[in-house]
1. So, in segment A:149-185, how many residues would count as being at positive phi and assigned to a loop (DSSP other than H, G, I, E, B)?
2. Residues A:I161, A:I143, A:I102, A:I123: which one is farther than 25 Å from C:S321 by Cβ and more than 9 Å from every other protein chain (Cβ to nearest Cβ)?
3. If we only count helices (runs of 4 or more DSSP H) wholly inside segment B:224-320, which ones have 2 or more residues that are aromatic (F, W, Y) and crowded, with 22+ Cβ neighbours inside 10 Å?
4. Mind listing whichever residues of segment A:331-358 are more than 9 Å from chain B (Cβ to nearest Cβ) and of a type in the set (A, V, I, L, M)?
5. Could you list, in sequence order, the residues of segment B:242-296 that are closer than 20 Å to B:T25 by Cα, free of Cβ contacts under 8 Å to residues at least 24 places away in the same chain and not polar (S, T, N, Q)?
6. Can you spot a residue in segment B:164-179 that is crowded, with 23+ Cβ neighbours inside 10 Å, modelled with pLDDT of 85 or more and assigned to a helix (DSSP H, G or I)?
7. Tell me the helices (runs of 4 or more DSSP H) entirely within segment C:294-385 that contain at least 3 residues that are small (G, A, S) and either within 14 Å of chain A (Cβ to nearest Cβ) or within 22 Å of C:V97 (Cα to Cα) (or both).
Amino acid sequence: MASQEILREEPSRGSFINDPKVRGIFFQAVVIIVLVALVWWIVQNTIDNLTRLRIASGFGFLRGRAGFDISDSAIAYSSDSTYGRAIVVGFINTLIVAAAGIVTATFIGFILGIGRLSHNWLIRKICMVYVEVFRNIPPLLVIFFWYSGVLSVLPPPRESINLPFGSFLNQRGFYFLRPIWGEGSWLILVALLLGIAMAWFVARKAHQRQMATGQQFPVFWTSTALIIGLPLLAYALSGFPLSFDYPKQSTFNLTGGFQVKPEFLSLYLALSFYTAAFIAEIVRAGIMGVSKGQTEAAGALGLRPGSILRLVVIPQAMRIVIPPLTSQYLNLTKNSSLAIAIGYPDLTATTGTVLNQTGQAIECVLIMMVVYLALSLLTSAIMNVVNARMALVER
Amino acid sequence: MKHIAIGILGAAAFGLMASAASAATLDDVKAKGFIQCGVSTGLAGFSAPDDKGDWQGIDADFCRAVAAAVFGDGTKVKFTPLSAKERFTALQSGEIDILSRNTTWTINRDTALGLNFIGVTYFDGQGFMINAKKLPGVNSALQLSGAAVCVQSGTTTELNLADYFKSNKMEYNPVVFEKLEEVNAAYDAGRCDVYTTDQSGLYGIRLTLGSPADHVVLPEIISKEPLGPAVRQGDDQWYHIVKWTYFALLQAEELGITKANIDEMKASDNPEIKRVLGEEADTKIGTDLGVSNDWVVNIVKAVGNYGEMFERNVGSGSPLKIARGINALWTKGGLQYAPPIR
Amino acid sequence: MQEHDLSFVRVEMALAQSAPPSERGPGAWIRKNLIASAGDTILTIIGIVLVAMILPQLISWAFINAQWTGTDRTFCATVAQGGVQPDGWSGACWAFVNAKFGQFMFGRYPIDERWRPILVAILFVALLVPLLIPKVPRKGLNAILFFGALPIFAFILLVGGVFGLPHVETSLWGGLLVTLSLSFVGIAVSLPLGIVLALGRRSRMPIVKMLCVIFIETVRGIPLITVLFMASVMLPLFLPAGVSFDKFLRALIGVSLFAAAYMAEVVRGGLQAIPKGQYEGADSLGLGYWQKMGLIVLPQALKLVIPGIVNTFIGMFKDTSLVSIISMFDLLGVVKQNFSDANWATPQTARSGLVFAAFVFWLFCFGMSRYSMFTERRLDTSYKR
């Protein structure tokens, strides 16, 4: 006992230099010194360059008048707005195209992923060809395809294709009617919100009842009736306040109505179709990851094939699917920066224009990096929450 | 494998790094033996690669003229194609020695961006082009309210466009692209009704469209676009060499010195011609500038005088067929005017 | 003990009977695979309609109506557009691809010097193929030649300036040459760098770990375009006055750093999958950190993540197309640049060029992904044994 303690108190074998802890501290110190020196060198160079060239630095330029117009803007913007606002417009456009793309890509991706496992030979093959083609082409090329495809197939504005409900399709985009909300239309909105709240409540009650008694309640139909019926009722009660602004032919283009530009359309479609191929593979792997015994057991319980997929297979597959799905969503968001190639004014494009007009290269690239980084972290945070809720709850 | 890869990268880094650590551009240029000239990625008449990959156009020729002044050899130029976005940092960082890339001279670029424009090699103005076949009856820019307008992003063109429509209380849809090819393609495909850029550019672009005859350039000029080469701030000697190369081109035209008659002119009795060509006894004009005394001879031998350069690249000798107009010499009613070389 | 009554036991094997007629032949196959149920039949009909809508058009555009030869735009334009084709003609203009093929491959690399990239390509294939076929011996020597000697040789040959070879600036490079050299160097740099980053991320030294995490997560959070912008617009300002990088090298650094961050995450996955016993075993043998990693952990970890590594390569290969945005002329950039050639301006030019570029990219990526699947299967069986 005593000898062991003595042994322990003795200095560890070998010299001081071989102590891994000392080595670790020394090594980290070296890394820090090198890094600080490098950063200092870069900063010094940059300051030298900027003063030598008399380039002003700082973020004050964001308050300057932009002077250029932006084709697609969700918030009020004109050439009199500031550079800062131009960047915000771009940021909102990035959000719009990313959100729309994520929804559509998920939808197409799930269909394709399930299609690849279909019993139907033809459907299986079609889905496979789709996935193999789109997975192996650069997204930039897919965007160009859609853009040149959209432009070459659609007619010029004077020969617009007429679609139902007063909407038109031509080279300048997709036009449809824009609702104009008259007096008292706030009632409709309130009714809609009320409908949604009630539908949620009904669904909860029905679930509880099914858990307690095993009786089912037609939740879907009730909810639909509530969500559509209530606003319609409010619409009638408030005296039909809604009117529509129809797109009309003018000298050059159609005016009025709501316009979706071909740049947005092709970027959105390209991103959706490209990412869908990857999502399809993820979904396929997820479904294949659920053991066959689960399906068979569900079948033995008497569930129908549709219910088996919906109630047994997909919830389990989702646990495998969500982490890689998150990185695909992030990829889609990052790929939306390719908008610059076809002139959709997303964050990269508008910030690039600001960079060009002001020459503030460092500030503008910094803004881009910080915003994309924040967006990525936010998306992963949301998906982590979803993942935590989906994770296996062991009882 | 790691070490090898790092070794390769290191070798590549040193092999490709053009290091030049002093502020005097002339010394750097002489040391490396050529001038690095920033040009556009392809604009007919100004700077565009021909079938063999040689750069042609006024802007490219101007760099050759500077090379001729410095080295006595107009071929000692290397061209760097630059997008609108890259052009200023490329010059600021020393990647190129001259920016000769149909760039508009503005006060902001002279001050905040740290450039020095040396003069105006081409007086231009922004114009509009439309497809007359698709839009019959439109013959003025003031009829363009509501039109979709194709424009290159990050240029003064984009700003002028916004100002013009705003001041005339007209609406428009901007359709903006990063690169000239993309704007051309979109306009040709019918994505927009109107194409706007510098008028000289419009004539050049018209030639590359599917059916050039259908397109007309509208008469309005909505802005002043003085296009000229620029150098970095803070190097007066280099600035003077580039500036006086430009003036020498003008002076040569004014005195009737051409590529063809340059050798006869050297024997001329005219004191002004003798002085310009460095034939005067004990002349120090060239050496004071930092080049040889026969610099003007070298320039004219390499690219001809300004008039020849103009006609060959954008004027009657080119497919663009642009008239001299305000780009004529001051003696012929134009704006091109050079201070005396004496 | 009871004696078997052999009359009730079959002593010879029963011959397999052929399947009943309803389960045989193309009819049964169709029944099973195409019209198993009413829903299935509807799906099949939708599928057939889809294929019938797309396939004939595609074939007639790409092959039947295509114009294979020609010297200028008239061959690919209709009469109304000033060409020779009948009005309403729609076919691929392969004549354009044919005429510009040299440019698509080498960019503006001088024509007299094009034997140099061709020689490099031949050597590349000659060294790569035996490396990829598992049966061919002497893998070590082959790998040294491929990753060590070939890049140096290719660098000397392509850039020139020594041994009497004329110098060819990288600004003249273009087309597939740029795409392939960017991806190859990117792969060669990003893999070791990614391994170092992954080890750093799992290091016990807090500062090293933090730095690696910050680098990896930052790069993975931003789009490649931003990185390329930084390399093309900001990098010059970071360096002392007058020092400038070659544009090609700048793109190379951007792409490599970007891929390294993704590679690091793939390698980290492999490192995490190695059981703790392996680390402890190496420690108990008295191996140092680098010996432990180099001899025990990494060989196992990298083998596990080969599919992930190849996927990162494929991603990087596709991402090189983005350099066309910072006006470098890779394959896609060159193809797009040639659209503005007045000599070939027709409505079919752009489409044909893009389809060609897509086909080339697809060929490389598909090849890589198939090879990765093959390796995966091969290594899989070796585990099971």
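The values are calculated or read from the model by the stated rules, or taken from the named source; none is laboratory data. Keep in mind the model is a prediction, meaning the values are calculated, not measured. FYI the Cβ positions are ideal-geometry reconstructions off the backbone, even for glycines, and counts take in every protein chain you see.
1. Here is the first cut: in segment A:149-185, the ones at positive phi are A:165-166, A:173, A:184.
In the following step, the residues that additionally are assigned to a loop (DSSP other than H, G, I, E, B) were identified as A:165-166, A:184.
The number of residues fulfilling the criteria is 3.
2. Details: A:I143 fails: farther than 25 Å from C:S321 by Cβ; A:I102 fails: farther than 25 Å from C:S321 by Cβ; A:I123 fails: more than 9 Å from every other protein chain (Cβ to nearest Cβ).
Only one candidate passes the filter, namely A:I161.
3. Working: elements: B:236-254, B:262-266, B:271-276, B:285-289, B:295-303, B:306-313.
Answer list for segment B:224-320: B:236-254, B:306-313.
4. A:L332, A:L338, A:A339, A:L347
5. Matches in segment B:242-296: B:G286, B:D288.
6. No - not one qualifying residue is present in segment B:164-179.
7. Working: elements: C:298-304, C:306-319, C:331-338, C:347-384.
Fully inside segment C:294-385 and qualifying: C:347-384.
Residues are listed down the side, and each one gets a yes or a no for (1) surrounded by 13 or more Cβ atoms within 10 Å (Cβ to Cβ); (2) touching a His at 6+ places or on another chain (Cβ under 8 Å); (3) polar (S, T, N, Q):
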| residue | (1), (2), (3) |
| --- | --- |
| A:T51 | no, no, yes |
| A:G67 | yes, no, no |
| A:A74 | no, no, no |
| A:A100 | yes, no, no |
